[in-house]
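Student: Below you will find the structure I want to go over with you.
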Amino acid sequence: MADRSMLDRMKGAAMLDIPTYEEVEHDTSLTTQAAMVVVIAALARGIGGMDGGEVGIIGGVLGALFGWLLWSGVTYLIGDKLLGGTATWGELLRTLGYAQAPGILLILGFIPLIGWVVGIVVFIWLLVTGIVAIRQALDFTTGKAVLTAIIGWLVAFVIPALILGGALGAGS
């Protein structure tokens with residue numbers, strides 16, 4: 001299985017293939033490839049116009065990489081340290097990076113009448129691949145993976161956005 005290409009792994013991750021997630025989790029040489037998947041998905045999102053257009057392609061890629069690092073770190077702390085999973089930060093980086101593979105379809109976001117449908121479908125698909133990635137990396141049940149994802153999302157994205165929004169609102 002180690003002779004599979006990055007594209008084969010991306011397809012496997014998108015299709016929720018458990019052996020693909022296990023391969024990515026355990027092969028430490030695939031961290032750079034996982035980062036490349038994040039970059040490719042961010043580029044597709046930017047080209048498809050699904051990034052809101054306010055940050056541009058480079059900002060979107062940098063934001064995606066930062067979000068991937070943050071999400072992986074927070075997920076590691078919650079899943080491994082609080083909920084008793086067994087993973088390293090690197091394992092979560094790789095599995096969550098490859099879990100971004102369906103994001104490539106966001107390149108279709110510019111198509112009138114169906115772009116928004118593609119966006120919704122891909123958002124749900126990314127949620128599912130993320131949960132599978134967490135489950136496989138942390139050797140969890142699906143329920144614990146969902147709990148880890150929800151708590152991690154709140155800690156990594158929602159709470160900081162509320163705090164930042166409150167701080168910006170207080171200054172006006």
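Student: Would you be able to tell me the number of residues in the range 120-159 that are open to solvent by 10 Å² or more (accessible area, probe 1.4 Å) and polar (S, T, N, Q)?
Tutor: The number of residues fulfilling the criteria is 3.
Student: Oh, and also: Please list, ordered by residue number, the helices (runs of 4 or more DSSP H) wholly in the range 1-82 having 2 or more residues that are touching a residue at least 12 places away in the same chain (Cβ under 8 Å) and touching a Lys or Arg at 6+ places or on another chain (Cβ under 8 Å).
Tutor: By residue number, 18-26, 31-47, 56-76.
Student: Select from the range 84-93 the residues that are more than 18 Å from the chain's Cα centre (by Cα) and either at positive phi or open to solvent by 40 Å² or more (accessible area, probe 1.4 Å) (or both) and list them in ascending order.
Tutor: GLY84, THR86 - these are the residues of the range 84-93 that are more than 18 Å from the chain's Cα centre (by Cα) and either at positive phi or open to solvent by 40 Å² or more (accessible area, probe 1.4 Å) (or both).
For every residue, the table says whether it meets (1) under 10 Å from the mean Cα position of the chain (by Cα); (2) in a helix (DSSP H, G or I); (3) modelled with pLDDT of 95 or more; (4) more than 17 Å from LEU30 (Cβ to Cβ).
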| site | (1), (2), (3), (4) |
| --- | --- |
| THR95 | yes, yes, yes, no |
| ILE104 | no, yes, yes, yes |
| ALA133 | yes, yes, yes, no |
| ALA137 | no, yes, yes, no |
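Student: Filter the range 106-119 for residues that are farther than 12 Å from ALA44 by Cα, open to solvent by 30 Å² or more (accessible area, probe 1.4 Å) and part of a helix (DSSP H, G or I) and give the result. Break it down stepwise before answering.
Tutor: Step one: of the range 106-119, the residues farther than 12 Å from ALA44 by Cα are 111-118.
Those left that are additionally open to solvent by 30 Å² or more (accessible area, probe 1.4 Å): 111-114, 116-117.
Those that are farther than 12 Å from ALA44 by Cα, open to solvent by 30 Å² or more (accessible area, probe 1.4 Å) and part of a helix (DSSP H, G or I): TRP116, VAL117.
Student: Can you pull out every residue in the range 66-83 that is among the aliphatic types (A, V, I, L, M) and either farther than 18 Å from SER29 by Cα or loosely packed, with under 15 Cβ neighbours inside 10 Å (or both)? Give the derivation first.
Tutor: Taking the range 66-83 first, the residues among the aliphatic types (A, V, I, L, M) are 69-70, 74, 77-78, 82-83.
Correct list: LEU70, VAL74, LEU77, ILE78, LEU82, LEU83.
The values are calculated or read from the model by the stated rules, or taken from the named source; none is laboratory data. What you are looking at is a predicted structure, and each value in this text was computed from that prediction instead of being measured. Cβ sites come from the backbone with ideal geometry, for glycine too, and all protein chains shown count toward neighbours. Ligands, DNA and RNA are excluded from the accessible area calculation, which covers all protein heavy atoms including side chains. Shrake-Rupley method; radii C 1.70, N 1.55, O 1.52, S 1.80 Å.
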